[in-house]
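The values are calculated or read from the model by the stated rules, or taken from the named source; none is laboratory data. Since this is a predicted model, take the numbers as computed values, not measurements. Counting neighbours? That spans all protein chains shown, and the Cβs are built from the backbone with ideal geometry, glycine included.
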Amino acid sequence: MHRLRTCAARLRPLTASQAAQTVGPQRPITGPSRGGTRTFLPIRCYTAPVASEPFLNGTSSNYVEEMYFAWLEDPKSVHKSWDVFFRNANAGAPPGAAYQSPLGLSAAPQLSSLVGAQPNVEKLVEDHLAVQSLIRAYQIRGHHVAQLDPLGIMDADLDSCVPTDIITSSDKLGFYGLDESDLDKVFRLPTTTFIGGSESALPLKEIIRRLEMAYCQHIGVEFMFINDLEQCQWIRQKFEVPGVMQFDLEEKRTLLARMVRSTRFEEFLQKKWSAEKRFGLEGCESLIPALKTIIDKSSENGVENVIMGMPHRGRLNVLANVIRKELEQIFCQFDSKLEAADEGSGDVKYHLGMYHRRINRVTDRNITLSLMANPSHLEAVDPVVQGKTKAEQFYCGDNDGKRVMSILLHGDAAFAGQGIVYETFHLSDLPSYTTHGTVHVVVNNQIGFTTDPRVARSSPYPTDVARVVNAPIFHVNADDPEAVIYVCKVAAEWRATFHKDVVVDLVCYRRMGHNEMDEPMFTQPLMYKQIKKQKPVLQKYAEKLIAEGAVSRQEYEEEIAKYDKICEEAYNRSKDEKILHIKHWLDSPWPGFFTLDGQPKSMSCPSTGLTEEMLNHIGGVASSVPVEDFTIHGGLSRILKSRAEMIRNRTVDWALGEYMAFGSLLQEGTHIRLSGQDVERGTFSHRHHVLHDQNVDKRICIPMNHLSPDQAPYTVCNSSLSEYGVLGFELGFAMASPNALILWEAQFGDFHNTAQCIIDQFICPGQAKWVRQNGIVLLLPHGMEGMGPEHSSARPERFLQMCNDDPDVMPTLTEDFAVRQLYDCNWIVVNCSSPGNYFHVLRRQILLPYRKPLIVFTPKSLLRLPEARSSFDEMLPGTQVQRLIPERGLASQSPEEVKRLIFCTGKVYYELVKERKNRGMEATVAIARIEQLSPFPFDQVKAESELYANADLVWCQEEHKNQGYYDYVKPRIRTTTQRAKPVWYAGRGPAAAPATGNKKAHLMELQRLLDNAFGLDAFKDQQ
């Protein structure tokens, strides 16, 4: 066997790294040998399966090893021919001499008679091994020499070198120990290729020709890194079988018609609005038939709902010819004189989304198509699409992704350059985030704005990030429409078969500049000289079909004239549109939500309180394990007992208040999804919504799903270590339905800054830009507790700065002021100081007649602070959110005696109360808590300040002066009180970092701000 290994290694002189690249990492095998036990790599690290005697019928080298080990234990356990072979090999016979034909095995041969008896066997084995190595080389590296660039000037993999093991001339045969005389020899084909079709053996020159046809034409296939044999064999069969890429006459005519629509749409826009930016599709017109093919094939496989996301390039064409948005609505967007009828800022036309349900004409089945609105942050929409897809699957009970799917379009530079692409891929197989396969289509312009790909990425292809999830990658020359359509069919079938991600890389070019106003010759002169010479793909394909006789020139011209007429008629209708309606561009409509019995819902919110019976029931579940024979951790037993004790005392802490809100909404039929890093237990070990059996792996219990038989489901899931991707995902999930409470919790509030793009581009301005309400909740742990600059501040100043209420205008205080004010704001920002108020805030989020994002600065130390508990009395029917909690102590009994009114929010309230008591100032200092910061409670601040008319007004915060809430609340308090008195500041001074990392410095700063809040001369420096 050692000699077999030596022979195999000599036949395939690969290094260990080359071997790993070829077949992936292999597990070392330990087995007996003449020198005792030794560990070695399997033969398959060095050879492909052998198809020559004595390895007949495709016997693999692994199988040879298994027989060898079996023979060592019992020589009779293998066929006699193998017994003789192994005996001779162990006796010292050189490679090729140990074999004896089964026909001559009447007696065990002597070694002396065998050595040299089979002079041609070794050469035969070597040649077959070489041919199989050759086949494998094409499967692995054939894409590197495929003709992918339509311009013929770039290498899609950024490397002009041809791999050494790819046969481009006869002299390369020597790499495999072959020569020209071997070209006509017939070789048996291994089971790992389908190039033979129905034939099991082919001449070498035909093998090479078929490999070139399969892997080196206009399609380049990357798949051999996939560690699943079934999947690799599936892909081989799709591309290697001779003649597999055939199209009938009807398919060709349909493809031509789609190419006509794609091309003439762009030409029509260019003719009518030559001075407008539209980010046209010229140079990749085959994208439209590509997408339609994916949708057609998916519809044929049972998909009813397709959710799409894409950057701006080609969006208008996709809207017109894939989603089938009315053309007049698109053309209307180009008229700068038209007024906007809807509230908000709106957005540019190539950022807008769309929702449309129609009949798929190919399959005659209903299909719903959604294109998500997206900002210029190109890949930011990726996780949003995935979240909405997951939600649609969840609500229709599609547990396998057979009815709802997603398609994501990308640019090459963004796909390679933006980390959110990886974060989104990383979610693809996680149980609570998988959408069961996404088809990714890359419009590979081979340029990013003005940046050459050779300085834009370090990977060979822009698509290499997809390899992390073993997604097959199909590179295709976009100027070959039939090749494009074929790979799109395969991609759709892959997704339907394996429910995993797949990538189609359309290698194309950009005929114009970055936009129609841009001059690309400044930076890419050689490329654009070639582009000016490049014949448009429609013209090339039409000439091909005319030459084949598939269509006549007259039919082709009639197809063009037909679509041109459609565009002209739509253009004339667009002039009749007097007003722009952004509502025509909704990508996630909520039918029936905003009306009740056909009438708009009233601007009111019912009480968010619960009956004591309901509170006790939920509390009982929260403090128990509703599953038999379930062993929990001893520490958790103590936590559950303390919960039960609180219920008996009619109180709740922060975790129990959240439990009450969630549990009641679930029983009322509202689905709840809580996602984020460590949310199941809670970062601070306070939540424990998922219980783990201490004796059985993976056995869990979620008590909140045991509240009642007809409750809504509760989903609580720890996320990957991603903020950008996961927050985008949950935002997309929240878009699908208004009748669900979707929450994302940051491990620490500071960490939301790595998801800032989702917050800034989607959550904050979403309704203004896209008339799209969203009720997502962000839970951001916040509080200055000496934990350093990265675990203290959730940066409330950022959220408050982006609030749209006017600090200088006192609103009219009507009866429904509180609810209407919420309706007018872009989001709600709260910092609750009591679990009871947190409970009401969460319930209000669902009971409001509309949806707004909710930002909650949640506590850390207050999770267990005995003073920070709420009584059942604060949660009973008739109670509701307290936007401001007024002073209720001694100071409120004699308000005229109060010298100082301190406004604050959140945790610092408890430190102020403690300091006030220590100083004996309970009668002269009033403390009011502003629980809801935005929209600002003008009415309640006004009432509180008028009550203490003789008091100085102070804003106290624990954050630094240039951070936190001060810059937001100060002008609003001044507008509210309309007094000449200043609003004094008590807190930390300005700083660059959010907090100190030194515990002693932290305590000194805290004492200083308390001194400022209560000291008689505290504000002299502010004069």
- Task: All but one of (1) more than 24 Å from Gln978 (Cα to Cα); (2) in the same structural domain as Trp984 (by TED's automatic domain parsing); (3) surrounded by 22 or more Cβ atoms within 10 Å (Cβ to Cβ); (4) not hydroxyl-bearing (Ser, Thr, Tyr) hold for Phe903, so report the exception by its number.
- Result: (1)
- Considering each residue of the stretch 931-952, count those that are out of contact with any helix residue (DSSP H, G or I) (no Cβ under 7 Å at 6 or more places or on another chain), more than 19 Å from Asp824 (Cα to Cα) and surrounded by 22 or more Cβ atoms within 10 Å (Cβ to Cβ), and give that number. 2
- Can you tell me which residues in the stretch 695-720 are closer than 24 Å to His633 by Cβ and touching a helix residue (DSSP H, G or I) at 6+ places or on another chain (Cβ under 9 Å)? Pro703, Met704, Asn705, His706, Leu707, Tyr714, Thr715, Val716, Ser719
- Message: Being in contact with a Ser or Thr (Cβ under 9 Å, 6 or more places away or on another chain), of a type in the set (A, V, I, L, M) and not assigned by TED's automatic domain parsing to the domain that holds Cys508 is true for just one of Leu178, Leu189, Leu281. Which residue is that?
- Response: Leu189
- Message: Name the single residue that is surrounded by the fewest Cβ atoms within 10 Å (Cβ to Cβ) among those in the stretch 867-887 being of a type in the set (A, V, I, L, M) and closer than 17 Å to Arg648 by Cα.
- Response: Leu876
- Residue within the stretch 277-285 that is free of Cβ contacts under 8 Å to residues at least 40 places away in the same chain and basic (Lys, Arg) present: no
- Message: Step by step: first the residues of the stretch 560-574, then only those that are free of Cβ contacts under 8 Å to residues at least 24 places away in the same chain and either in contact with a Phe, Trp or Tyr (Cβ under 7 Å, 6 or more places away or on another chain) or of a type in the set (Lys, Arg) (or both), then the one that is farthest from Tyr541 (Cα to Cα). Which residue is that?
- Response: Lys565
- Item | Test result for Phe751, in contact with an Asp or Glu (Cβ under 7 Å, 6 or more places away or on another chain), assigned to a helix (DSSP H, G or I) and on the phi < 0 side of the Ramachandran plot | yes
- Task: Kindly list, by first and then second residue, each pair from a residue in the stretch 199-223 that is surrounded by fewer than 17 Cβ atoms within 10 Å (Cβ to Cβ) to a residue that is hydrophobic (A, V, I, L, M, F, W, C) and assigned to a strand (DSSP E or B), limited to pairs with Cβ atoms under 7 Å and residues at least 6 apart or on different chains.
- Result: Ala201/Val186; Ala201/Phe187; Pro203/Val186
- Task: May I ask you to say which residue of Phe630, Phe662 is outside any strand (DSSP E or B), more than 30 Å from Lys769 (Cα to Cα) and touching a Cys at 6+ places or on another chain (Cβ under 8 Å)?
- Result: Phe630
- Exactly one of (1) assigned to a loop (DSSP other than H, G, I, E, B); (2) touching a helix residue (DSSP H, G or I) at 6+ places or on another chain (Cβ under 6 Å); (3) of a type outside the set (A, V, I, L, M, F, W, C) is unmet by Tyr528. Its number? (1)
- Would you check if Asn831 is buried (at least 22 other Cβ atoms within 10 Å of the Cβ), over 15 Å from Phe936 (Cα atoms) and at pLDDT 95 or above? no
- Query: Got a number for residues in the stretch 731-786 being of a type in the set (D, E, K, R) and touching a strand residue (DSSP E or B) at 6+ places or on another chain (Cβ under 8 Å)?
  - Reply: 1
- Sole miss for Gln880 among (1) touching a helix residue (DSSP H, G or I) at 6+ places or on another chain (Cβ under 8 Å); (2) over 21 Å from Gly836 (Cβ atoms); (3) among the polar types (S, T, N, Q) is condition (2)
- Query: Counting only residues that are of a type in the set (S, T, N, Q) and part of a helix (DSSP H, G or I), which one in the stretch 754-779 is farthest from Ser719 (Cα to Cα)?
  - Reply: Gln767
